[in-house]
Each structure stands twice: as C-alpha cells, then as structure tokens.
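Trainee: Here it is, the structure, as structure tokens.
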Amino acid sequence: MITVHNFTKTYTGNTVLTIDHLEIQKGNSFGLVGNNGAGKTTLFSAVLDLIKPTTGHIENNGIKVSESEEWKSVTSAFIDETFLIGYLTAEEYFYFIGELRGQNKADVNGLLSRFEDFFHGEVLGQKKYLRDLSKGNQKKVGIIAALIGNPEVIVLDEPFANLDPTTQIRLKKILKELSANPEVTVMISSHDLMHVTEVCERIVVLDKGEVVKDLTTSAATLKELEEHFNK
Amino acid sequence: MFKHFIILQWKSFWRSASLTSGLFMKLFMGFWALWLAFISAIGGVAIFKLLKDTLHLDPLETINRFLIYWWVADLLFRYALQKMPIINIKPLLLLPFNKRKIVSFAFGKTVFSFFNIVHAFFFIPFSIALIRYEYPVQNVLLWNIGLIALIYSNNFLNIILNKKDNLIFVVGGILALFGGLQYFGYFDITIYTAYFFQGLYKAWYLSLIPVFICILLLLRSFRSFVKDLYLDAGLAIKSKSVKTENLDWLNRFGKTATFLKNDIKLIKRNKRARSTVLVSILFLFYGLLFFTGAIETYEGPVWRIFAAIFVTGGFLLSFGQFVPSWDSAYYPLMMSQNIRYKEYLSSKWWLMVIATLISTVLASGYLYFGWEVYLAIVVAAIYNIGVNSHVVLWAGAYVKTPIDLTSNKKAFGDKQAFNTKTLLLSLPKMVLPMLLYAIGHYVYSPYAGYALVTVAGIAGFAFKDVVFNKIEGIYRKEKYKTLWAYKQKR
C-alpha cells in the first residue's frame, strides 16, 4: 500500500531520514518506534506529502504522493493539533471532515455512536470549542476524525500520548479492530513499546534517521525492543 | 536585569522566521512613519500660519478647542492599532526575575512607541512658532507638559482598556454623541474643554492635573498588570459556553458551502477575524472625509473613486489580504484532505462579494450628498467585485504570515485588532481605478470615467477562472514553503 523508494530528507546539510526501501502491505498494521529525532514524524509527514523529500519518492496505492492527489480520498491522518480547527465544536469538526470526505451527517453520527465509550462523555455536546478542550480530549477528537469516511490508510502520530489509561486501553481495542480489517492499513508511531507490540503486526525501529530493525511482532518482540533501547 | 530582556527582544526580532518579509515591512512602515512625521511637522507650522495670518484667530485658543477630540481620537487609534506590551511572559515567570521588573520592561517599551512620539512632530514645531510670536516660553512649556502627560495617560489608559472588551465602544459612543451635538449646534463641549486646555497654558497648577492623572493611570495599570501575572488570572484562557451551529441554509451554495459555513464561523468566533467586519464598518464612514468637502485637497474628482473603493471594499481589502493565512493554524489538515482549491477560494470570494454588496447598500446614505456621489460608490463596488476581489486573493497567496486566531484570548497576547500592514498593502489596488477614472474624466467627461471603471470591473469577471487557476498553481507550488512558514509561530 505504502512504498518508500530511495528516500532521503536533508535540512541544511543534515540528513534526518534515509530509507532505501520500505514497503507496507495493504491491511497491515505498522508501528514505528524510535527516540526523539529518529525521524518518525518526518516519515509520516512525507507520506502525507506535507514535506518534500530531498531525494526519492513515496507511493501510496501506486500513486506518487507528490504528483497526484488521488490518494487523499483514501488516506486520513492525525499528526498533531494542526489537524484540528480550534474554533469549531467537536461535532462541527466531525461534520466538516465528513463533508470533505463525502459523508453526510447521518453517516458521521453513525460512526460517532460507535465511539461513545471512547469519548467518555467529554467530547460530544460539550459547548466548548476544540481549542478549549484538554490535550487528551483534543487527541480523541483527532483520532476519531481520522476514521471518518472509511479510509484505507490511517496515519496516527503518537496516538497514545496524552491519553488517560482507560482511553489508552480503549484505543488499543479500536486499533486492533482496524488492523483486523484486511482493507485498512494503519500506521502508528509510539514511545510506548508495550502498546505498539500489542497493536502492530510489524514494527520498524528508526534510529537517527535510519531503519535499524524491522520485526514481525511475536512474543519475543517486546523483549528485543527493550534490549535495543537499553543499550 | 533589563539587559536580559533587551537581548531577548533583539534575538526574537532577528531570529523570527518571517524576518525577510518582516524587515521589508518594517522598512516600508518606517517610510510611512517618517512621512507621517514629516507631514505633521509641516502641519504644525502651516496650521499656525493659517490660523494666524489667514483666519486671524489666536492659534493657541483655536487649537485648544479641538484638543479634546484629538485626545479621544488618539485613544481610539491606539486601541485599534497599538500593540500591547508583550514579551513572552510565561517562560519568564519561573525565572528569578522580579515580576515588577518584567512589567517595567514591558511598560518601558510602550513609552517609546511611535504612537507617543508622533505627537511631538506636530506640537514641537507648533510650540516653536508660538514662542517666536512672543508667547511666553514658560507657559508654552507648561502647556506642553500638560499635553505630554495626556498622551501618556492615553498610553496607560489603553493598557487598561485593552483588557476590557466593550469599554472602548462606550468611549467611541461618547465621542460620536458630542461630535454630533456640536455639529448640529445643540451643545458645544469644546467651549468647556477649551477652558481646561487654555488653563494648561495660563495656570501652572492646572498642568499638574494631567501629570497627576498620568501617574495614577501608570500605577493603576502597572498594578493590574503585575497582579494578573498568574496563569489563572491575566494569562488564563477564558472559555465561554458555546453551541454547535448548523448553518444548513448555506447548503444552497453547493460544494462551496462546506467552506462557507466554516468561514462564517471563523469570522464569528475569532476576534482577529471579527475585526475585519469592524474595519469595513469604519470604512463606510471614510467617505465622509471626501464627500463633505471637509478636506480641501480631497476635493478633486479622482479622490471620489479612491474614497468609494474604500467605502465598499473595507472587508474585501482587510479579509482577502490574508487568504489563506486565516487557515494557517490547521493548514496541514487542509493539505492532507482532498480539497478542491476552487471551492475553497470561491468560498472566500463569495464572502467578499456579499460583504461588498452589503456595504454598497449601507452606503446609500451617501445619496444625501447627491446621486453622483452614490454613482461613484456603485461603480467602485463593481470594480471591487470584478477586479479587486481577485487581486487581493492573488496577493494573499504570497502572504505566508501565520495568523494566530486565538491570540485575543490571552490577556497579554497580541491584542492588535487589525494590522497596519493590511491597510498599507491595499494602497496599490486604489491606483488603477483612479487612473482609469482620471483618463475618462479629463479626456471626455466624468461619466466616461465612471464607464471606464465599470467596464474594467465587468471585464474582471472574465478573468475569474484564470486568476483562480493561477492562485491554485501558487498554492500547489508554494505548498511546502507555506506549510513550513505557518509552522513558525510568531
């Protein structure tokens, strides 16, 4: 589904990410781990065509992301709060995203009703603009908005950060359900090795802009990751 | 201690991401500031001469009559334009700085503000002229001390007023009321206030009053500033209860409605965006300067078009300038959605067109000055819709200044209601219609002038798609740069 070809990204002489080849299969759930500055967000931004690769290119569903915009209708993402519109209420935001993705209000409401326990009564009907919600609740809004319109590729940057324990457990359930769907490719990054091994079928470790490990998740993966980061 | 603050300011200026455009703008603004200062200086002497030699009035007494309006207008101007003394306060709170030091520095900066200095350019030449005509030196000095104290009272009053959202409308309302009463000859407040200003000159103890008031306001604003340096007081983010809005009636605009609904919420819910509406209302009255013949130099027929463009285009000019910057806070979202740029642009275009039409209807009050005046306004409206709406969107595509919509929510954030840049950059859009009109007017007749401008406006429609495609091209080409620029917080 996602293919990275000879990718490098350089900022003023500093190469921050080099990936010769990386292919993520359709229906896969893909996890990215690495310390700060390893290049996780850079990779995700490049997948979404928000930054321009210095060399190489990325294909989404066979389409070069920087050349056509066809991939946008099947791809959704939540990277950070710049994906939220601060002056809208949560409902208005969901409907807006819905309209952009060809979903009417009933569709959106149907989807939202499935995630009521995830919102924990703190998001819908709050009489607050998104900018006035707490970081955790903003994250909930962003994650669920990324599920609107049956996307085939879902990119979530650190979805577990800022969430309370209950919500983290519920999010894991949601992500597992998504990865069980053979039509949906999920890409997440996380600093929490436990979460990522639980949710992802495949885990790639980035270190200083390079792929240093590419693992298919098994019972031994968590230990292996812990050892890697304990060096 | 102050050394640290000054170094911080210095670095924040030179290291800001938008330095290049910032520097250019600063030079540009600097030029206008100098020009304004120069004009004021000339004005100081010229008005003295005019009053004394031509009108045979006592210059000092006459000026004193109008000083009350000068003072209130100065306050209104400051409220709209003067930036609040901001230095990034939050990170400083935990450092071993004395809070009073932080505030003193912030206040010290305002003392040297252009808004305070500019008055000197008028009053110093005027005072020198007074002294040359043998008004006693010490009295003229006393008068000046009083005025300086009043200017600085405004400076600190503005800081207090800025924290309260509605007080300024009361001030503006009172000004309008007394102005109206005087104009229609019911009650002339200047007779009474002139005594006071004359008193500043005559009696030394009277000039102590403004000085006293100034110190009082300084202490008051200083204290409230210091007291509010808490995360849950002055630095707190107030949130009020809001409700979800449908705006489904806009769906008749088809695909554009998605964005139109959002843009209307953008304007309704963000002070920074709301102020564009305020600007357009203010500009409605701008024509009064020209059409009443209040200012002699503006009597030329070409100025009519100039005024009319502003009267109908206040919103268009101040809002369109910052498309797509209005959406800068969530630009990555927009760029990762499957957005038709044309729909996005036409939403903004419709907003500007609707605002221009409303302004044109509201401007029908100008019929009072004759239907020819209103004709100029209608012609200018056509030109605004046909040409300027495209030009501002086009120019806006190159503007990469991120707009912090929420800034108004921080008590010490950027309170500036609208940008001086907006006003200055809109000047070129005036020149073309004025030229066209002038050609028609002087070659044939005024109506030929109007016709030329109208034709240009209608012809502009034909280029709508061309311009939109061009803008779309710019958006695509500059996408990564724009994303990067918007990421840099000012």
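Trainee: Within the stretch B:3-27, can you find the residues that are aromatic (Phe, Trp, Tyr), at pLDDT below 70 and farther than 17 Å from B:Ser113 by Cβ?
Mentor: Residues of the stretch B:3-27 aromatic (Phe, Trp, Tyr): B:5, B:10, B:13-14, B:24.
Now restrict to residues that are at pLDDT below 70: B:13-14, B:24.
Within the stretch B:3-27, B:Trp14, B:Phe24 qualify.
Trainee: Tell me which residues, restricted to the stretch A:196-225, are among the acidic types (Asp, Glu) and under 18 Å from A:Asn36 (Cβ atoms). Full working, then the answer.
Mentor: Initially, the stretch A:196-225 is screened for residues among the acidic types (Asp, Glu), giving A:198, A:201, A:207, A:210, A:214, A:224.
Within the stretch A:196-225, A:Asp207, A:Glu210 meet the criteria.
Trainee: Still on this structure, please answer the following. In the list B:Phe259, B:Phe306, B:Phe283, which residue meets the criterion of being away from chain A (no Cβ under 14 Å), at pLDDT 80 or above and within 30 Å of B:Lys342 (Cβ to Cβ)?
Mentor: Working: B:Phe259 fails: away from chain A (no Cβ under 14 Å); B:Phe306 fails: within 30 Å of B:Lys342 (Cβ to Cβ).
None of the other options fit; the residue is B:Phe283.
Trainee: Within the stretch B:443-490, how many residues are more than 14 Å from chain A (Cβ to nearest Cβ), in contact (Cβ under 8 Å) with a residue 40 or more places away in the chain and either under 19 Å from B:Val392 (Cα atoms) or buried (at least 19 other Cβ atoms within 10 Å of the Cβ) (or both)?
Mentor: 17
Trainee: Tell me which residues, restricted to the stretch A:126-149, are among the polar types (S, T, N, Q) and either surrounded by fewer than 15 Cβ atoms within 10 Å (Cβ to Cβ) or more than 22 Å from B:Pro332 (Cβ to Cβ) (or both). Let's see the steps before the verdict.
Mentor: Start the filter on the stretch A:126-149 by keeping residues that are among the polar types (S, T, N, Q), which leaves A:126, A:134, A:137-138.
Result: A:Gln126, A:Ser134.
Trainee: Go through the stretch A:1-38 and give me each residue that's within 26 Å of A:Glu226 (Cα to Cα) and free of Cβ contacts under 8 Å to residues at least 40 places away in the same chain.
Mentor: A:Asp20, A:His21, A:Glu23, A:Asn36
Trainee: Identify all residues within the stretch B:398-442 that are modelled with pLDDT of 60 or more, over 18 Å from B:Gly386 (Cα atoms) and part of a helix (DSSP H, G or I); write none if there are none. Step through it out loud before you land on a result.
Mentor: Initially, the stretch B:398-442 is screened for residues modelled with pLDDT of 60 or more, giving B:398-406, B:427-442.
From what's left, over 18 Å from B:Gly386 (Cα atoms): B:398-406, B:438-442.
Hits for the stretch B:398-442 are B:Tyr398, B:Leu405, B:Thr406, B:Ala438, B:Ile439, B:Gly440, B:His441, B:Tyr442.
Trainee: Something else about it: With the checklist (1) in contact (Cβ under 8 Å) with a residue 40 or more places away in the chain; (2) in contact with a Lys or Arg (Cβ under 8 Å, 6 or more places away or on another chain); (3) at the interface with another protein chain (Cβ under 10 Å from one of its Cβ atoms) in hand, flag the one item A:Tyr93 doesn't pass.
Mentor: (2)
Trainee: Would you confirm whether or not the stretch B:97-111 contains a residue that is in a loop (DSSP other than H, G, I, E, B), over 20 Å from B:Glu61 (Cβ atoms) and in contact with a His (Cβ under 9 Å, 6 or more places away or on another chain)? Can you show your working first?
Mentor: We begin by selecting, within the stretch B:97-111, every residue in a loop (DSSP other than H, G, I, E, B); these are B:97-98.
Filter once more, so that each one left must be over 20 Å from B:Glu61 (Cβ atoms): B:97-98.
Pick out the ones that are also in contact with a His (Cβ under 9 Å, 6 or more places away or on another chain) and you get B:97.
There is at least one residue in the stretch B:97-111 that is in a loop (DSSP other than H, G, I, E, B), over 20 Å from B:Glu61 (Cβ atoms) and in contact with a His (Cβ under 9 Å, 6 or more places away or on another chain).
Trainee: Then there is this: Quick one: is B:Arg252 more than 9 Å from every other protein chain (Cβ to nearest Cβ) and of a type outside the set (Asp, Glu)? Lay out the reasoning, then the answer.
Mentor: On the way: more than 9 Å from every other protein chain (Cβ to nearest Cβ): yes; of a type outside the set (Asp, Glu): yes.
Here the answer is yes, as B:Arg252 does meet what is asked.
Trainee: Which of the residues that make up the stretch A:31-48 are more than 14 Å from chain B (Cβ to nearest Cβ) and in contact with a helix residue (DSSP H, G or I) (Cβ under 9 Å, 6 or more places away or on another chain)? I'd like the intermediate steps shown before the answer.
Mentor: Start the filter on the stretch A:31-48 by keeping residues that are more than 14 Å from chain B (Cβ to nearest Cβ), which leaves A:31-40, A:43.
Across the stretch A:31-48, the qualifying residues are A:Gly31, A:Leu32, A:Val33, A:Gly34, A:Asn35.
Trainee: Taking helices (runs of 4 or more DSSP H) that do not extend beyond the stretch B:241-332, which have at least 1 residues that are touching a residue at least 40 places away in the same chain (Cβ under 8 Å) and surrounded by fewer than 22 Cβ atoms within 10 Å (Cβ to Cβ)?
Mentor: On the way: elements: B:256-269, B:271-284, B:288-291, B:301-320.
Filter on the stretch B:241-332 gives B:256-269, B:271-284, B:301-320.
Trainee: Keeping to the stretch A:124-171, report how many residues are hydrophobic (A, V, I, L, M, F, W, C) and under 19 Å from A:Leu193 (Cβ atoms). Explain how you work it out, then say what you get.
Mentor: Kept after step one, since they are hydrophobic (A, V, I, L, M, F, W, C), are these residues of the stretch A:124-171: A:124, A:130, A:133, A:141, A:143-148, A:153-156, A:160-161, A:163, A:169, A:171.
Restricting the remaining residues to those that are under 19 Å from A:Leu193 (Cβ atoms) gives A:156, A:160-161, A:163, A:169, A:171.
Summing the residues that are hydrophobic (A, V, I, L, M, F, W, C) and under 19 Å from A:Leu193 (Cβ atoms) in the stretch A:124-171 gives 6.
Trainee: So A:Phe94 clears everything in (1) modelled with pLDDT of 90 or more; (2) farther than 30 Å from A:Lys127 by Cβ except one condition, right? Which one?
Mentor: (2)
Trainee: Which ones in the stretch A:53-82 are under 17 Å from the mean Cα position of the chain (by Cα), within 11 Å of chain B (Cβ to nearest Cβ) and of a type outside the set (Phe, Trp, Tyr)? Give the derivation first.
Mentor: Residues of the stretch A:53-82 under 17 Å from the mean Cα position of the chain (by Cα): A:58-61, A:65, A:71-82.
Among the residues that remain, those that are also within 11 Å of chain B (Cβ to nearest Cβ) are: A:65, A:71-82.
Hits for the stretch A:53-82 are A:Val65, A:Lys72, A:Ser73, A:Val74, A:Thr75, A:Ser76, A:Ala77, A:Ile79, A:Asp80, A:Glu81, A:Thr82.
Trainee: When you scan the stretch A:182-230, how many residues do you find that are surrounded by 15 or more Cβ atoms within 10 Å (Cβ to Cβ) and free of Cβ contacts under 8 Å to residues at least 12 places away in the same chain?
Mentor: 1
Trainee: Restricting attention to the stretch A:97-125, and to residues there that are facing chain B (nearest Cβ under 9 Å) and surrounded by 17 or more Cβ atoms within 10 Å (Cβ to Cβ), which single residue is modelled with the highest pLDDT?
Mentor: Here the residue is A:Ile97.
The values are calculated or read from the model by the stated rules, or taken from the named source; none is laboratory data. This one's a predicted model, so the numbers in the text were calculated from it and none came from an experiment. Every residue, glycine as well, gets a Cβ built from its backbone with ideal geometry; the counts of neighbours run over all protein chains shown.
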